[in-house]
Amino acid sequence: MKKGTLIRAIAAALALVAAPASADAHLINTTLGDFYGGVLHPLSGPEDVVPWFALAVLASIQDSRNARWLLFVFPISLVGGALLSVVAPALSISPAWNLAVIVVTGLAVAAAAKLPFPVFVGLGTLIALLHGYHNGQAMTQDTDRLLFICGVAAVGYVFVTLITALAISFLQGGMEWRLIALRASGSWVAAVGVIMIGLQLRTSAM
Amino acid sequence: MIGAARNVFAGVPALLLTLLAFLGSHFNSAGTASAHEASMAVMTLREMAPGRYFTQWTMPPTEQSYHPIFPEHCVWNAPDLNCGEKGLVGQLSFTGLGSKQSAAMIRVIAKEGPVHAYTVSAANPVVTLARDPGHDLNAWLDLASTYINLGIDHILRGIDHLLFVLGLIWLVRGPWMLVRTITAFTIAHSLSLAAATFGWVGVPEQPLNAAIALSIVFLGVEIVKLQRGQIGLTARYPWFVAFMFGLLHGLGFATALTTIGIPSAVLPMALLFFNVGVEIGQLLFVLLVLALMWAHRTTQSMLPQWAAALPAYAIGSVASFWFLSRI
């Protein structure tokens, strides 16, 4: 930029700024509240966080292709599940599905199972669809659905990505106890799932 | 670590970028019409007699269900509020905050003495009313908590600002340069935020909004240039560009404070706390992006080469859309 042009540009900018007027900008008036509502909703209880954790740890045990695809498929399937809750809100999905998935994923981690690509990605997709649907059901008439669903997908993506990377990084130490520690966490997840199934059965019986 | 940020980033938070861009276009279409709505509902309480107040919405809430919950000993038969001999002290909260409006303010105009303002937000749902916040530690803590939360709230809702910060992280090479760039941006927007809040400078809304959008378009172009092997102004002097555009973004931040009518007595501290909140929010966002970059490197998940320029074009397209809709 030539010196003269620069001086003129600065002078014009100063002239614009020198006349006080209301400084009124930034998208504060948007309803991003529902985006953060979507972000926080899955984090408000263990039923989402526990299987996501197990799935991410399971991804760290698989080969890198499986982990990569999970990071791509998981948030998209969450969106798919949440959209399904909008289109078909009355689907009767038994809570037993969610609980069974927790147990299965936990056991897979405990066994350090190396799953075939379609099975692993299918498991990730199933979990995300179930949880997307479950979280989508929390939306009300007043909820901005787009923002809420984006929030759910965003938190799912961030959570699974970070936990997978942390677990991979943890395993890269090479010592055998590290894998044992991860497998132990899987058995805890499975135990949590079994306890939740027990509670569910007890509630249904009462 | 961040030295390779450009390469890593080309494949990394593509989802984040796409999400921000997508949300951005949604906000713009949803938010244009309401661009002049108050960011807070404001109720003024004018003391008519000791302990008795006349209440009035000076900035009405967007939802009819919003209403204040006064201390238990106060009786509110709108517009009259009677707090008896005890006076207007105790805890104040609001119903319905957080869905459409995130904050509400009560301005108390005493028969004698200064005007006091109390802000209640979804993040800080209860404040303690005191006769003289100037000498009450709890009142000052309430003020700090309220405005820090408001600052965090404001930055996390400012999708255009977050998109600009994301663009900066993408362009910058090396951890120290990133620190310098973010610091320059912080200093700049703090300066202009203060100047605008105190009324020393001001820019009409439309050109300011458009210029903020244009700053993001500029970054999008710079990113594409960098991917083509051309070293642009931002890649060469990111801190300078961050500083110059930071001045613009700071003027935008001022909206949150200038629209709620904070009494001049607490304005400097409110501004300080608000800015602290903005910085906390910005730091959280930067750390999140860096963590995601690290995670994608660790999991070896990158965008394919053919899609590397996609996020830059997404940024540029959304920002161009904002620019055109704001002029």
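Can you tell me which residue in the stretch B:56-73 is most open to solvent (accessible area, probe 1.4 Å), limited to those that are modelled with pLDDT of 80 or more and over 19 Å from residue B:119 (Cβ atoms)?
B:72
Answer yes if at least one residue in the stretch A:175-192 is of a type outside the set (A, V, I, L, M), assigned to a helix (DSSP H, G or I), closer than 29 Å to residue B:288 by Cα and in contact with a Gly (Cβ under 8 Å, 6 or more places away or on another chain), and no otherwise.
Quick first cut of the stretch A:175-192, residues of a type outside the set (A, V, I, L, M) only: A:176-178, A:183, A:185-188.
Of the ones still in play, those that are also assigned to a helix (DSSP H, G or I) are A:176-178, A:183, A:185-188.
Add one more test, that the residue is closer than 29 Å to residue B:288 by Cα, and what stays is A:178, A:183, A:185-186, A:188.
In the following step, the residues that additionally are in contact with a Gly (Cβ under 8 Å, 6 or more places away or on another chain) were identified as A:186, A:188.
Yes: one or more hits.
When you look at residue B:249, is it under 30 Å from residue B:119 (Cα atoms), modelled with pLDDT of 85 or more and within 14 Å of chain A (Cβ to nearest Cβ), yes or no?
Details: under 30 Å from residue B:119 (Cα atoms): yes; modelled with pLDDT of 85 or more: yes; within 14 Å of chain A (Cβ to nearest Cβ): yes.
When the stated conditions are applied, residue B:249 passes them.
Could you pull out the residue among A:49, A:73, A:86, A:104 that is within 14 Å of chain B (Cβ to nearest Cβ) and either farther than 15 Å from residue A:160 by Cα or open to solvent by less than 70 Å² (accessible area, probe 1.4 Å) (or both)?
Of the residues listed, the single one that is within 14 Å of chain B (Cβ to nearest Cβ) and either farther than 15 Å from residue A:160 by Cα or open to solvent by less than 70 Å² (accessible area, probe 1.4 Å) (or both) is A:73.
Out of B:167, B:202, report the one residue that is in a loop (DSSP other than H, G, I, E, B) and either small (Gly, Ala, Ser) or touching a Gly at 6+ places or on another chain (Cβ under 8 Å) (or both).
On the way: B:167 fails: in a loop (DSSP other than H, G, I, E, B).
Only one candidate qualifies: B:202.
So, in the stretch A:92-110, how many residues would count as being in a helix (DSSP H, G or I) and over 17 Å from residue A:185 (Cβ atoms)?
Of the stretch A:92-110, the ones in a helix (DSSP H, G or I) are A:95-110.
The next check asks that each one be over 17 Å from residue A:185 (Cβ atoms); those that pass are A:95-100.
Counting residues in the stretch A:92-110 that are in a helix (DSSP H, G or I) and over 17 Å from residue A:185 (Cβ atoms) gives 6.
Residue A:119 fails exactly one of the following numbered conditions: (1) in a helix (DSSP H, G or I); (2) open to solvent by 30 Å² or more (accessible area, probe 1.4 Å); (3) within 14 Å of chain B (Cβ to nearest Cβ); (4) not hydroxyl-bearing (Ser, Thr, Tyr). What is the number of that condition?
With (1) in a helix (DSSP H, G or I); (2) open to solvent by 30 Å² or more (accessible area, probe 1.4 Å); (3) within 14 Å of chain B (Cβ to nearest Cβ); (4) not hydroxyl-bearing (Ser, Thr, Tyr) applied to residue A:119, the lone miss is (3).
Can you tell me which residue within the stretch A:167-203, out of those that are of a type in the set (A, V, I, L, M) and free of Cβ contacts under 8 Å to residues at least 12 places away in the same chain, is least open to solvent (accessible area, probe 1.4 Å)? Break it down into steps so the answer makes sense when it comes.
Of all residues in the stretch A:167-203, those of a type in the set (A, V, I, L, M) come to A:167-168, A:171, A:175, A:179-182, A:184, A:189-192, A:194-197, A:199, A:201.
Checking the rest, the ones that are also free of Cβ contacts under 8 Å to residues at least 12 places away in the same chain come to A:175, A:180-181, A:195, A:199, A:201.
Working: A:175: 98, A:180: 100, A:181: 40, A:195: 107, A:199: 97, A:201: 115 Å².
Only one residue fits best here, namely A:181.
The conditions are (1) away from chain A (no Cβ under 12 Å); (2) modelled with pLDDT of 80 or more; (3) surrounded by fewer than 22 Cβ atoms within 10 Å (Cβ to Cβ), and residue B:306 fails exactly one of them. Which is it?
(2)
The values are calculated or read from the model by the stated rules, or taken from the named source; none is laboratory data. Predicted, not measured: the structure shown is a model, and the values here were computed from it. Using ideal geometry, Cβ is built from the backbone for each residue, glycine included, and neighbour counts are taken over all protein chains shown. Note: accessible area is taken over every heavy atom of the protein model, side chains too, but ligands, DNA and RNA are not part of it. Shrake-Rupley method; radii C 1.70, N 1.55, O 1.52, S 1.80 Å.
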